[in-house]
Amino acid sequence: MKVIVCFKEAPDLERMAPADWETDAALKPDTRFVPTVLNVYDESALEMALRLRDAARGREKTTELIALTVDSVSPPRMLKNLLALQYDRVVKIESSLDLRFHALAVAKLLAAFIKTQDDAPVIFCGVRSNEGDNGKTPLLLAEMLGIPCITPVIDATLAAPDESLDVTVDIDGWRVGQRVRAPVVLAVGNVAGSSLRIPTLKDKMRVKGREPEMILPAGIDVEEIAAVMAREEELVSLKTERQKRDTAFVRGQDMAETAAIFYNQYLKKRAGI
Amino acid sequence: MKKIMVFGGRMPDIEGQIKELNAFCRLYLAGEIETEAWMISDQDLNMAQMTVTPEVSRIKLVKVRNPYVAEEYLAVIQALYGNTHYSPDTGPFLLFGSGSFVSALAVRAAYRLNGVSCVGVRKLRWQNERLLAEKMVYSGHLVAEFQLKKRPCCLAISPGFRDGSMIQASGVEPENFTVADLTVAAGDWPRTYRCDRTIDAAGLTAAALVLAVGWGIGSRENVRQTAELALQLGGELGGSRPVVMNAWLGMEQLLGTSGAVVAPEACLVFGASGSAAFKVGIEKSKWIAAVNCDENAPIFQYADVAICGDCREFISELLQYVNREQRSGDEIVYDRNSTAK
Ligand SMILES: Cc1cc2nc3c(=O)[nH]c(=O)nc-3n(C[C@H](O)[C@H](O)[C@H](O)COP(=O)(O)OP(=O)(O)OC[C@H]3O[C@@H](n4cnc5c(N)ncnc54)[C@H](O)[C@@H]3O)c2cc1C
Ligand SMILES: Nc1ncnc2c1ncn2[C@@H]1O[C@H](COP(=O)(O)O)[C@@H](O)[C@H]1O
């Protein structure tokens, strides 16, 4: 079975100072001073794929794991970590376009790579990514490849004995379970306990000397993509929204008094208590 | 101009979609706009009980085979849309609710119909003939406006639109359509299928009082104590992402951009830093009180009442106080010396 995980790294936005949110002429806040982290959903997707591989071990068929990203910025540390976690291939498609809000272009670049693979893959994505919060890439990828897309996935396990997967989705108050086969795109949502495992020193030593693959978009006219992007939609403004409330601090002499003041002066009159 | 409201899934989700889309349209797409409603479901929808929108002129009903198999819904949308060509200034708009299933339909429908899509739209306006859609980006830190240049324009709205009326469209007979070919992309897909009702966030989103816990709550045990407080006060409990990811609360209790958006009379926040993504979930509350041990926590920026200190101690004191008060029935006049410390 071939499993491809599409992931993205983005600046850790919680570490931004309020002043950093000012945008420049290109409508970009300055994120250079904060560390880069994995998109939270992609982290779950990367871990889910590893668990599938673990579960498939000991069976006759092998699982090939590919981690795939379209990027211009990310430091090699995370890519190397993925090799250490035994992703068979870690591929970075290099692009200099500003793709923050252009899921269509990202999906095109991902699809072009995926089409070069011989076997039908199971493709994992996250449901949404920073900085664009587009919520589109896996859906467009599935459309371009002409394959189904399931979202938001909360669990995917190997179904014995063939290579089907049992996929669970939480849709607005319904839990849907279905058995599917590759090719399929699975967009991973909020999954409890799905942090990406950390490679040990031994894991890292084992892949010493191996490097992630950096490739240029194959058979794709990047200029053409940029032109298509401009025809469809355009970012016209990007702003912070400040709406400060008048905050009253409640301070008693100790916590018991604070709680009592809070209850009697504030809470009691609200919410019909 | 024309707008098509696309409702998909099952009851009661469809009812929720009707309400939120009506609220959205009343604000941003009202007036002289021809309006259709497409209702796609595997259930037999009882239109006599269903009240759509005031200005709707046609209601099209289509039945699919499986609940929540997007490929079937997309086949229906393509068939209903047909080969009609609209000029850019006549729209049309295809409008979808905020749920994950219908939002995904918006994006894929736009691709198939050669239009443009936007997910999480919270405002729509025209400026010099340009259509501008506003949404939150950068995990809720920034607000972006996009000019959408193609049609059809498939929009999925952001969660949190409420109070949309359910007024019966007078004299509009629903028309039943069948779509012949519902075969989905990959032959035998899906191979087995099961769909069960789970707990949803409805209790949380409708509550008048919400208690929200963040990572600072510290332990599962403390979350349990907060649940007890919620019970005493008659409120519902929600949490931030780290809390649900650690399974201290269920995923349906997640508040924020990726979870529920609540708008209660009062919201009490314990040990949450107040990140932008979390803020989206609670900022519509009429009144917010926050407890955090860090005086500079961002949560205090948008709280009406702030308590700087250990939230676990505060919860335990408040719970004791409430219990005492409820036992005595009268208001207790706080007497420092009577509390054993
Ligand atoms: C794409 C994306 C989507 C996201 N969606 C969501 C979402 O929907 N909802 C969401 O919540 N998050 C979401 N997040 C995560 C978000 O960015 C924050 O990481 C998260 O909200 C932080 O949760 P927290 O405030 O509980 O934890 P922290 O940020 O760790 O804050 C803990 C707070 O508790 C305080 N504290 C510690 N101990 C105590 C104590 N004893 N008493 C009082 N206070 C104490 C600390 O001062 C601190 O302010 C998302 C992130 C991304 C990237
Ligand atoms: N640059 C990228 N490289 C690889 N995968 C991406 C990239 N951008 C988005 N994705 C995938 O698409 C998902 C949704 O992203 P988005 O549509 O940008 O919200 C992410 O969780 C990733 O799985």
Excluding residues fewer than 8 positions from A:LYS80 in its own chain, the lysines with Cα under 24 Å of it are A:LYS2, A:LYS8, A:LYS92, A:LYS202, A:LYS204, A:LYS208
Angle between chain A longest axis and helix A:103-115 axis [Cα atoms, degrees, rounded to 10]: 30
For the stretch A:1-114, what is the relative contact order in percent, using Cα pairs closer than 8 Å and at least 6 residues apart in sequence? 29
What ranking, highest mean first, results for peptides B:72-78, A:128-134, A:194-200 when packing means the other Cβ atoms within 10 Å averaged over each residue? A:128-134, B:72-78, A:194-200
Per-residue HN-Hα couplings for the stretch B:247-259 [Karplus 6.51, -1.76, 1.60; θ = phi - 60°; Hz; x = Gly/Pro]: 6, 6, 9, x, 4, 6, 9, 5, 10, x, 3, 9, x
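Using Cβ contacts closer than 10 Å as the measure, can you line up B:MET5, B:MET47, B:MET11 from fewest to most?
B:MET11, B:MET47, B:MET5
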Which pairs in the list B:LYS3/B:LYS60; A:LYS244/B:LYS149; A:LYS239/B:LYS279; B:LYS2/B:LYS123 are over 25 Å apart, alpha-carbon to alpha-carbon? A:LYS244/B:LYS149
In deg cm²/dmol and to the nearest 500, what is the mean residue ellipticity at 222 nm of the protein assembly as shown if only DSSP H runs of at least 4 residues count, each as -39500 (n - 2.57), divided by the residue total? -8000 deg cm²/dmol
Peptides ranked, highest mean first, by Cβ atoms within 10 Å: ranges A:238-251, A:6-19: A:6-19, A:238-251
Quick one: of the DSSP bridges fully inside chain B, what percent are antiparallel, nearest 5? 20
Counting all C-alpha pairs of the protein assembly as shown, share separated by more than 48 Å (%): 15
One would report the Cα pair-distance distribution of chain A, bin width 10 Å, in %, as 6, 25, 29, 20, 11, 8, 2, 0
Between helix A:40-56 and chain A, what is the angle of the helix's C-alpha long axis to the longest principal axis, kept within 0 to 90° and rounded to the nearest 10? 40
May I ask you to derive the relative contact order of chain A, considering only C-alpha pairs under 8 Å and at least 6 residues apart, and to give it as an integer percent? 22
Partner chain coverage, peptide A:147-153 - average Cβ within 10 angstrom: 5
Cβ-Cβ FRET estimate between A:ARG51 and B:GLN127, R0 fixed at 41 Å, reported to 0.05: 0.25
Semi-axes a, b, c in Å (a largest) for the stretch B:260-320, each sqrt of 5 times a Cα gyration tensor eigenvalue, come to 19, 14, 9
Loop only by DSSP, 10 or fewer other Cβ within 10 Å of the Cβ. Give me the chymotrypsin sites (Phe, Trp or Tyr not before Pro) in the stretch A:75-148 that pass, ordered by residue number. none
Quick one: helix A:222-232 against the long Cα principal axis of chain A, what's the angle to the nearest 10°, folded into 0 to 90? 40
Number of partner chain Cβ atoms within 10 Å, mean per residue of A:100-113: 1
Restricting to Cα pairs under 8 Å and 6 or more apart, the percent relative contact order of chain B works out to 14
Relative packing of peptides B:132-140, A:214-222 - highest average C-beta neighbours within 10 Å first: B:132-140, A:214-222
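Provide Rg over Rh for chain B; use the alpha carbon set for both Rg and the Kirkwood Rh (inverse mean inverse pair distance).
Ratio of gyration radius to Kirkwood radius: 1.05.
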In Å, the C-alpha Rg and Dmax of the stretch A:92-176 are 14.5, 44
A correct fewest-to-most ranking of A:ILE171, A:ILE147 by other Cβ atoms within 10 Å would be A:ILE147, A:ILE171
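Using the count of nearby Cβ atoms within 10 Å as a rough guide to exposure, how do B:CYS267, B:CYS311 rank from fewest to most? It would help to have the intermediate numbers written out before the result.
Values: B:CYS267 29, B:CYS311 26.
Result, fewest neighbours first: B:CYS311, B:CYS267.
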Average other protein chain Cβ within 10 Å of Cβ, residues B:103-114: 5
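Every number here is computed from the coordinates shown, using simple stated rules; none is lab data. Only a predicted model underlies this, so the values are computations on that prediction, with no experimental measurement involved. Note that each Cβ is placed from the backbone with ideal geometry, even for glycine, and that neighbours are counted across all protein chains shown.
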